[in-house]
Each structure stands twice: as C-alpha cells, then as structure tokens.
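Chemist: One structure follows; several queries about it will come next.
The values are calculated or read from the model by the stated rules, or taken from the named source; none is laboratory data. Being a predicted model, the structure only gives us computed values, none of them experimental. Note: ideal-geometry Cβ built from the backbone for every residue, glycine included; neighbour counts use all protein chains shown. The area values use the complete protein model at the heavy-atom level, side chains included, leaving out ligands, DNA and RNA. Shrake-Rupley method; radii C 1.70, N 1.55, O 1.52, S 1.80 Å.
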Amino acid sequence: SIDVADAGLLAGKHVLVTAGPTHEPIDPVRVIANRSSGKQGFAIAAAAAQAGARVTLIAGPVALPTPGGVCRIDVETARQMADAVEAALPADAAILVAAVADWKVEAATSKLKKSDGPPQLRFAPNPDILAILGAHPERPTLLIGFAAETDDLVANAGSKLRSKQADWIVANDVSGDVMGSHRNHVHLVAADGAEDWGPMDKTEVAARLIDRIARKLG
Ligand code: CTP
Ligand code: CA
C-alpha cells in the first residue's frame, strides 16, 4: 500500500518541484502561455511535504493554493524559473513538472498597437532546466522529468531521459483530455524499462511517485 504520509519517509530530504506553465512576454501587456494547470506539480509538492520533506515549489502563473508546509516561489518566465531552480540547490530530488516554454520572444518595450498590423515575433531558445540540472555540479541525487506526449510516448520519453541525463521521466499521455483535468495517465520511464501506471487521479500519481522517490533515496 502507498502511505508514506505518516511515516515521514522523506524527513530530512529537500525536494524541489517545478509546476505550471511559464509565460513569455510579447510586450508589456501580452504573453505567450500554455495549457498547464499546475495541478500535477502541486499535488507532488503536497505529497512530498506530507512525507516530511522540506519542499521548494517553483511555480509559474497558476490559480492554485499553496499546499501546506511547502515553500513556494512564484515566477513568470522560463529564465526566472531556471534561476530560481539553481538558487534552490542542493536538492535530494528534483521533479520538473513545469511546462516550460521552449522559446521566448524578443519582447517589445512598449505596447504593440493593433493599428500597426500583426507583429512579426522573433523567437529565441529558453534554457532547458532539466538538461541544466542533469549536467549540474550540484545535480540532485534523483532527477525526474515529465514529458507530455501525444505520440510514441515511451520512445520519446526515453530519448528525453538520455539527452537530459534524468533518472526517470514520467511520460504523460496528453492525447486525451488531460490538460486541466484532475486525472492523468502516465508511464514511469527509466533506463531499464517503462511501467504503465494506467489512468488515475493526479493525487494518486503524486502519492505513488513520492513513494518511489522515498524508497529510492532510502
Ligand atoms: N523542460 C525544462 N526546460 C525547458 C523545457 C523542458 O526543464 N526549457 C523539462 C520539463 O519540465 C519536463 C521535461 O523537460 O520535465 C520534458 O519537457 P518537454 O517539453 O516534454 O521536452 P522538450 O525537450 O522541450 O521537447 P518537446 O517539447 O519538443 O517535446
Ligand atoms: Ca517543450
């Protein structure tokens, strides 16, 4: 059974979680965003705190209450999230659930005017936080990414596991209606294989993942 909550199995451990989307400004009033609700990451932060961990939750813009016992740092952009993550090291486990924008926009300093016609946005790459942690001198003992995929779920997750030097990728099947939902269907992908956890509540995914992390950290 899965109940690390009362056992305090993560007592003395520092768990770092990223959650939610990032927002990339176009001009002072407009952003590019994505559909991440933050629910899965917040559920993981809550479960880690219940298991006795010291939890740092670095959250993009979401409409969710801070789970009890969690230290929350709010950020907007991928750059800010990357800086906050590095500042929060060292960590025993890092679980990067955030849907980080892959590109930022070279933002205008004044509001773009409709009368000037559709803007030609220029994109530039954002830092890849998971890859940065994978190669970091203070790499967390256990480094876990999430990968939202619509196709070739386990194969794509395996590629990300290797290229970003993560220990596990929680591969998230978003071909259905998962965005914003309280349910999730994940596969836990590791170097030695993948496990299908089947459809379940995001709180149940969180409890199982925290149980696995606690057992791995010992
Ligand atoms: N990630 C990150 N920083 C980024 C992009 C992604 O830390 N700039 C992390 C996510 O938090 C997640 C994992 O990398 O844990 C996989 O994110 P995903 O968007 O699926 O991977 P990408 O490498 O960006 O590939 P793509 O979007 O093309 O599928
Ligand atoms: Ca991406």
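Chemist: Calculate the spin-label point distance for residue 102 paired with residue 183, positioning each point 7 Å from the Cα along the beta-carbon direction, and give it in nanometres.
Modeler: 2.8 nm
Chemist: Kindly provide the helix-only [θ] at 222 nm of the chain, computed as the sum of -39,500 (n - 2.57) over DSSP H runs of four or more divided by all residues, to the nearest 500 deg cm²/dmol?
Modeler: That calculation yields -8000 deg cm²/dmol at 222 nm.
Chemist: Something else now. Take the alpha carbon gyration tensor of region 30-148, find the square roots of its eigenvalues, order them as a ≥ b ≥ c, and report rounded if a/c is under 1.5; if not, report prolate when a/b exceeds b/c, else oblate.
Modeler: Prolate is the answer for region 30-148, as a/c is 1.5 or above and a/b outweighs b/c.
Chemist: Quick one: order 110, 181 from most to least accessible surface, probe 1.4 Å.
Modeler: Listed by decreasing accessible area, they come as 110, 181.
Chemist: Carbon-plus-sulfur fraction of the accessible area of region 90-131, 1.4 Å probe, in percent?
Modeler: Answer for region 90-131: carbon and sulfur cover 54 percent of the accessible area.
Chemist: Also: Output the relative contact order of the chain, whole-number percent, from Cα pairs under 8 angstrom with separation of 6+ residues.
Modeler: Computed value for the chain: 21 percent relative contact order.
Chemist: Ignoring trypsin sites (Lys or Arg not before Pro) that are buried or in helix or strand per DSSP, and keeping those with at most 12 other beta carbon atoms within 10 Å, what is the longest stretch of the chain between them?
Modeler: In the chain, the maximal stretch lacking such sites is 123-218.
Chemist: Further, regarding this structure: Looking at region 132-218, which GluC sites (Glu not before Pro) are in a loop (DSSP not H, G, I, E or B) and have at most 12 other Cβ atoms within 10 Å?
Modeler: Loop-located and lightly packed - 138.
Chemist: Still on this structure, please answer the following. Quick one: accessible surface of residue 179, probe radius 1.4 Å, all protein chains present, in square angstrom to the nearest 10.
Modeler: Rounded to the nearest 10, the figure is 100 Å².
Chemist: Leaving out ligands and nucleic acids, note down the accessible area per residue over the chain with a 1.4 angstrom probe, in whole Å².
Modeler: 49 Å²
Chemist: Does region 142-218 come out rounded, prolate or oblate, given a ≥ b ≥ c as the square roots of the eigenvalues of its C-alpha gyration tensor, rounded meaning a/c under 1.5 and, failing that, prolate meaning a/b above b/c?
Modeler: Note, shape of region 142-218 comes out oblate.
Chemist: Right, here's the next one. Sorting 128, 27 by accessible area (1.4 Å probe), largest first, what list results?
Modeler: Ranked from most to least accessible, the order is 128, 27.
Chemist: Quick one: if the Förster radius is 41 Å, what FRET efficiency do residue 141 and residue 175 give, using the C-beta to C-beta distance and rounding to 0.05?
Modeler: So the FRET efficiency works out to roughly 0.80.
Chemist: If you don't mind, there's one more thing I want to ask. Let me understand the chain better: what is its radius of gyration from the alpha carbons, and its Dmax, in angstrom?
Modeler: Final numbers for Rg and Dmax: 17.5, 62 Å.
Chemist: Which loop-located GluC sites (Glu not before Pro) does region 43-121 contain, where loop means any DSSP state but H, G, I, E or B and the Cβ has at most 12 other Cβ atoms within 10 Å?
Modeler: Passing both the DSSP loop test and the Cβ count: 106.
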